[in-house]
1. Mind checking which residues of the stretch 65-121 are within 24 Å of residue 151 (Cα to Cα) and basic (Lys, Arg)?
2. Give the residues of the stretch 62-98 that are touching a strand residue (DSSP E or B) at 6+ places or on another chain (Cβ under 8 Å), within 23 Å of residue 205 (Cα to Cα) and of a type in the set (A, V, I, L, M), sorted by residue number.
3. For the stretch 108-129, enumerate the residues that are hydrophobic (A, V, I, L, M, F, W, C) and closer than 18 Å to residue 210 by Cβ.
4. Out of 42, 26, I need the residue that is modelled with pLDDT under 95, open to solvent by 80 Å² or more (accessible area, probe 1.4 Å) and in a loop (DSSP other than H, G, I, E, B). Which one?
5. For the stretch 103-128, what are the residues that are of a type in the set (Gly, Ala, Ser) and either assigned to a loop (DSSP other than H, G, I, E, B) or open to solvent by less than 10 Å² (accessible area, probe 1.4 Å) (or both)?
6. When the residues of the stretch 144-187 are filtered to those that are assigned to a loop (DSSP other than H, G, I, E, B) and of a type in the set (A, V, I, L, M), which remaining residue is least open to solvent (accessible area, probe 1.4 Å)?
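The values are calculated or read from the model by the stated rules, or taken from the named source; none is laboratory data. Every value quoted in this text rests on a predicted model; they were computed, and no experiment measured them. With ideal geometry, Cβ positions are generated from the backbone for all residues, glycine too; neighbour counts draw on all protein chains shown. Only protein heavy atoms, including side chains, enter the accessible area calculation; ligands, DNA and RNA are left aside. Shrake-Rupley method; radii C 1.70, N 1.55, O 1.52, S 1.80 Å.
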Amino acid sequence: MALYKNEIPILEYDDSKVAVIMPTHENLNISLPEKAVFAFLEDEIDKYARIHNLTPVAHFISVTKKYPVYVVNYKGEQICLCQAPMGSAPSAQIMDWLIGYGVKKVIAAGSCGALVDLPENMFLVPRKALRDEGTSYHYLPPSRFVEIPLHMLEAIEQAMSRLQLPYTECITWTTDGFYRETREMIAYRKQEGCFVVEMECAALAACAKFRGIDFGQILFTADTLANVDAYDERDWGADSFEKALYICLDIISEC
């Protein structure tokens, strides 16, 4: 074990697996399935739960709200379903908690902003995420990118092909600063090959790698920053929310 110090605090890293507060510190009597869908999809998971008469098996209790955790039998597989909160820190906290109680394979889904000329509701599969947020640096040593494991990338893309859903591989820019996506920074990120921007992928991928579990994500385009002189919210990818949930269930059931 080692503590790596740096003049810049965010670049300091402790590789110890033991923290003062562990994800299972509450010692809840919970045993979750190994497979999970962790989705940034507004109320789609709760709607799915109501339709299929699911009741929560647990709740993650935060200062803002309680996040219900469901378990569904989907195509013969027991799958954990949990709504993900926006942002790298809260989403990684809940995913780490899910891992602590048994989850070993996660497929996430959420919207993203287009940095290049992409239509709304287009599906993308990130192969790596640029770490422009804070949370990933608490799980992995400093680096510019965190990569999605190749076997998870292949599993996602094979499932998308089986479902006959067009998709594009991409590099995503994960940032904490929604209101700090400046003209210059957008141009810089595009030069590095980033097609889209979102707020969680790098943190979740780092958390998964640190905990030794499998992680992959699908994204769909919502607003667009391709033209920095005419930012367009479009419809925030609303047409893809329900579809994305079912895609995730199909992917994780086959993983």
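1. Across the stretch 65-121, the qualifying residues are 75, 104, 105.
2. If the condition is that a residue be touching a strand residue (DSSP E or B) at 6+ places or on another chain (Cβ under 8 Å), within 23 Å of residue 205 (Cα to Cα) and of a type in the set (A, V, I, L, M), then 69, 71, 79, 81, 84, 94, 95, 98 are the ones that fit.
3. Those that are hydrophobic (A, V, I, L, M, F, W, C) and closer than 18 Å to residue 210 by Cβ: 108, 129.
4. Only one candidate passes the filter, namely 42.
5. Those that are of a type in the set (Gly, Ala, Ser) and either assigned to a loop (DSSP other than H, G, I, E, B) or open to solvent by less than 10 Å² (accessible area, probe 1.4 Å) (or both): 108, 109, 110, 113, 114.
6. 148
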